[in-house]
Protein chains: 2
Amino acid sequence: MSGNGACNGTKNGVSNGSAYYRSNPYQPVPDFLSNVDKFKIIESTLREGEQFANAYFDTETKIKIAKALDEFGVDYIELTSPAASEQSRRDCEAICKLGLKAKILTHIRCDMRDAKLAVETGVDGLDVVIGTSSFLREHSHGKDMAYIEKTAIEVIEYIKSKGLEVRFSSEDSFRSDLVDLLSLYKAVDKVGVHRVGIADTVGCATPRQVYDLVRTLRGVVSCDIETHFHNDTGCAVANAYCALEAGATHIDTSVLGIGERNGITPLGGLMARMVVTAPEYVKSKYKLHKLKEIEDMVAEAVQINVPFNNPITGFCAFTHKAGIHAKAILNNPSTYEILDPADFGLTRYVHFASRLTGWNAVKTRVKQLGLSMTDDQVKECTAKIKALADIRPIAIDDADSIIRSFHISLQPQPHRPSEPVPTDEVIPAEEEPEPAA
Amino acid sequence: MSGNGACNGTKNGVSNGSAYYRSNPYQPVPDFLSNVDKFKIIESTLREGEQFANAYFDTETKIKIAKALDEFGVDYIELTSPAASEQSRRDCEAICKLGLKAKILTHIRCDMRDAKLAVETGVDGLDVVIGTSSFLREHSHGKDMAYIEKTAIEVIEYIKSKGLEVRFSSEDSFRSDLVDLLSLYKAVDKVGVHRVGIADTVGCATPRQVYDLVRTLRGVVSCDIETHFHNDTGCAVANAYCALEAGATHIDTSVLGIGERNGITPLGGLMARMVVTAPEYVKSKYKLHKLKEIEDMVAEAVQINVPFNNPITGFCAFTHKAGIHAKAILNNPSTYEILDPADFGLTRYVHFASRLTGWNAVKTRVKQLGLSMTDDQVKECTAKIKALADIRPIAIDDADSIIRSFHISLQPQPHRPSEPVPTDEVIPAEEEPEPAA
């Protein structure tokens, strides 16, 4: 009757050495197209992220961010075009000279002048882009598809002649004509472009639509496929995931997702998704313990708060509150946690100071405080905590005071509690009043 | 060569009176299973949201939130179980007496005692839940599937005998055995349950997995299908969308997504997704202008900040910065905006005070300031703004000062600029240095 298969995408239902993530019968049958366990990251905090409303990165900050991303293990770091400003050009040069393990890219218009300026900076590759949707052709650059193809091939051949890597991407791919798009990509694939890019520039794409487009493209080109998803409709992580399922090879991210408008696929959100799907690949390749540090660094640089609900690092990501959750989590964390906080150098917190508290959470706290009570006594004490929480918000200190004072009332003589002791002990299952789905 | 079809999901490529959202050839072929243009919302801020780490709602706050949600137009409001605490029970009664248009639900364990307590509060329906995954069966309630089915039928028949609506849901559906799940749902469907629920309690589900499970279930039961998605891996909006595509009828949301850990599908994020897909349905049914007010109210009640990157209401959701974006947006907002800020009572902001500024954005600002310059003069002035922005962060005031002082330098005599005048005038397309995808 137990689940078979694996929620983490390990093949053939075999888990990576522990039963932690097992038991999901709905894991899709492994698909030869899928790259969920072998994707690469193009980290664009220093390009897309610089287009975030609050971003102003001086050279020193850019270097700090580039080094941190390199240490984290991203495959590529993408920089603002040297054509944007003289300082942007100098910053490109400075970052190329750092000798990072990550390859350095810059992102340019499909224009020979920009390409020439960029190859002089010392980058490893160029990400070339042009708008192909009728919207952008009409309202942005005003060029037709024949002109786009001709220019694309010229620019790509020039970059390849300089020995550099080159990606060619449309902008606003999901509102471009499918036949135009495939024709163009087929043509640039033929001249040896390293990657083609699919970009949801306006954030309109849906997951199954992404899957269909990338899968179709996968049958047309032999080069790698990079994807870029804006988050206007909240689907940027899911769309990246579906792109990988359909055979995309590279995902664009930025730290905390910063970028134009409300940004793109966040590095941390993508890590949350992928570590559940492909734990071995993700944990061996990326230094997940560094994630919080990088997010804090970028948040400070652009003067924002890490969102309360950020995957992994949001302050409540590993906090459990409802009685029924708390009890089960104390028994076995995988009941209500698909992510292990320890993988990110973080810890879980079981909330026991609210009206939704269950007695199992209080029992654990009693043990942590080094006190001793029978189950009936813990239940009586829990009722006191809930009664106070019904009247006003209570803090951990309040709950601890109630526990301690209740404990004292049980003793014939005053008793000095010892220091808190963490416990991993399993607590027997019993019902809690607050269900949660 | 232009796109055919519609990104907004309008059938047959016919847009709703404007060309604003048109031109997406990848819109899936309309599917008879899909409910993307006829879904209902079960708003759970006062149940799932109360399980958020920071949530402490007193009766007055609960009533304020319930009234605001009702005014917004949600179909159902779900409340914490009356079995959780005496105050929770009294709050249920108080909200039932408000006479709201929305139906009032409460969320209980699959247990006759809880059901009896709940029907006495005056609610319109009960959402019944029990864990069915091997994880929860083993570590939470310890019951087997035969017991679950027997109890479920008893509880459902009791609730129906009282004339109330009843939903039956598994917890952790995506880690439950498929055959167990379908057998159970088939049995409760047979005794006339109104809805069955699919819950991704741990936030592990992926969009195509959701589509497959809901579509399979759609072929097994004739009742409605409610879905509930946690956001641990950043897919809660996308999963809700795919559930609707597969025939789900009801989506659980909370304001800002607050709930256990980092929460569930946010009401605002779902609105962003659905107004792009089904603008007529969403705009006619929900008072989108009220969204910001409700989010601010809940954020204040639980003492959090609205995330900087929140869909629609994040401070940068409608801010455009890169030169190439700014220029196109000034030509036609649909080039880089799939959401219209006016639908939410908000406005867009084109950033022109940065090193990524393009001259088209500056030209617009010059007009807004009531000044007059030739294009060559605007380009010269733009170079001055970018040069300063290369040295230090500049504010709008700084950019305005540069524009004004440059303008004065052009005049034979000092000139007093008139008040800013907004302009909708179309500016001719020309190239900008910062590409953006």
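Ranked by the mean number of other Cβ atoms within 10 Å of their residues, highest first, the peptides A:71-84, B:38-51, B:89-102, A:115-128 fall in the order B:38-51, A:71-84, A:115-128, B:89-102. Phi angles across region B:238-244 convert, under the Karplus curve 6.51 cos²θ - 1.76 cosθ + 1.60 with θ = phi - 60°, into 3J(HN,Hα) values of 4, 5, 4, 4, 5, 4, 5 Hz, Gly and Pro given as x. Normalising by residue count, region B:159-280 has a Cα convex hull of 113 Å³ per residue.
Averaged per residue, what accessible area in Å² does region A:319-410 show with a 1.4 Å probe, protein chains only?
Details: 3120 Å² over 92 residues.
Result: 34 Å² per residue.
For region A:319-410, the alpha-carbon coordinates run over 41, 27, 21 Å along the three principal axes, in decreasing order.
For region B:30-301, the carbon plus sulfur part of the accessible surface works out to 49%, probe radius 1.4 Å. Can you pull the percent of Cα pairs in region B:30-301 with separation above 35 Å? Every Cα pair in region B:30-301 considered, those over 35 Å come to 9 percent. Using a 7 Å projection from Cα along Cα-to-Cβ, the label point at B:Asp58 is separated from the same position in the remaining copies by 4.8 nm, smallest value first.
The accessible-area loss of region A:106-125 on complex formation, taken against its chain alone with a 1.4 Å probe, reaches 40 Å² or more at A:Arg109. With label points defined 7 Å past Cα in the direction of Cβ, position A:Asp398 shows copy-to-copy spacings of 4.6 nm, given to one decimal and shortest first.
Which entries in B:Lys38/B:Lys101; B:Lys67/B:Lys160; A:Lys101/A:Lys290; A:Lys38/A:Lys150; B:Lys40/B:Lys292; A:Lys287/A:Lys327 show an alpha-carbon gap greater than 23 Å?
Values: B:Lys38/B:Lys101 18 Å; B:Lys67/B:Lys160 27 Å; A:Lys101/A:Lys290 16 Å; A:Lys38/A:Lys150 33 Å; B:Lys40/B:Lys292 20 Å; A:Lys287/A:Lys327 31 Å.
Checking Cα-Cα distances, B:Lys67/B:Lys160; A:Lys38/A:Lys150; A:Lys287/A:Lys327 exceed 23 Å.
One decimal place: the segment A:Lys97-A:Thr374 gains 93.2 nm when fully extended, by the rule 0.36 nm per residue minus the C-alpha distance.
Check the straight Cα-Cα distances from B:Lys321 and name the lysines below 19 Å, setting aside those fewer than 8 residues away within the same chain. Answer for B:Lys321, where 19 Å is the Cα cut-off: A:Lys62, B:Lys363, B:Lys367, B:Lys379, B:Lys384, B:Lys386, listed by chain and number. Between the beta carbons of B:Arg90 and B:Arg113, assuming R0 = 30 Å, the FRET efficiency works out to 0.95 to the nearest 0.05. Between the amide H of B:Lys40 and those of B:His250, B:Ile251, distances stay under 5 Å, these residues lying 5 or more places away or on another chain, with hydrogens modeled in the peptide plane. The alpha carbons of region A:25-116 give a radius of gyration and a Dmax of 16.2, 55 Å, in that order. Residues of region B:245-291 that bury at least 20 Å² of accessible area once all protein chains are present, compared with their chain alone (1.4 Å probe, heavy atoms only, ligands and nucleic acids left out), are B:Glu245, B:Leu256, B:Glu260, B:Arg261, B:Asn262, B:Arg273.
Each principal axis of the Cα cloud of region B:244-338 was taken in turn, and the coordinate range along them, longest first, works out to 42, 35, 23 Å.
For A:Lys285, the aspartates and glutamates whose Cα falls under 16 Å of its own Cα, not counting residues fewer than eight places away in the same chain, are A:Asp37, A:Glu43, A:Asp70, A:Glu71, A:Asp75, A:Asp343.
The A-B contact accounts for roughly 10900 square angstrom of buried accessible surface, both chains included, probe 1.4 angstrom. Phi-derived couplings, Karplus 6.51 cos²θ - 1.76 cosθ + 1.60 at θ = phi - 60°, listed residue by residue for region A:34-48: 5, 10, 5, 10, 7, 7, 10, 10, 9, 8, 10, 4, 8, 10, 4 Hz, with x used for Gly and Pro.
Counting Lys +1, Arg +1, Asp -1, Glu -1, what net charge surrounds A:Leu388 among other residues with beta carbon under 11 Å of its beta carbon?
Charge balance in the 11 Å sphere: +2.
The values are calculated or read from the model by the stated rules, or taken from the named source; none is laboratory data. The model shown is predicted, which means the values in this text are computed figures rather than measured ones. Methodologically, a virtual Cβ is constructed for each residue, glycine included, from the backbone with ideal geometry; neighbour enumeration extends over all protein chains shown. SASA here: full protein model, heavy atoms, side chains in, ligands and nucleic acids out. Shrake-Rupley method; radii C 1.70, N 1.55, O 1.52, S 1.80 Å.
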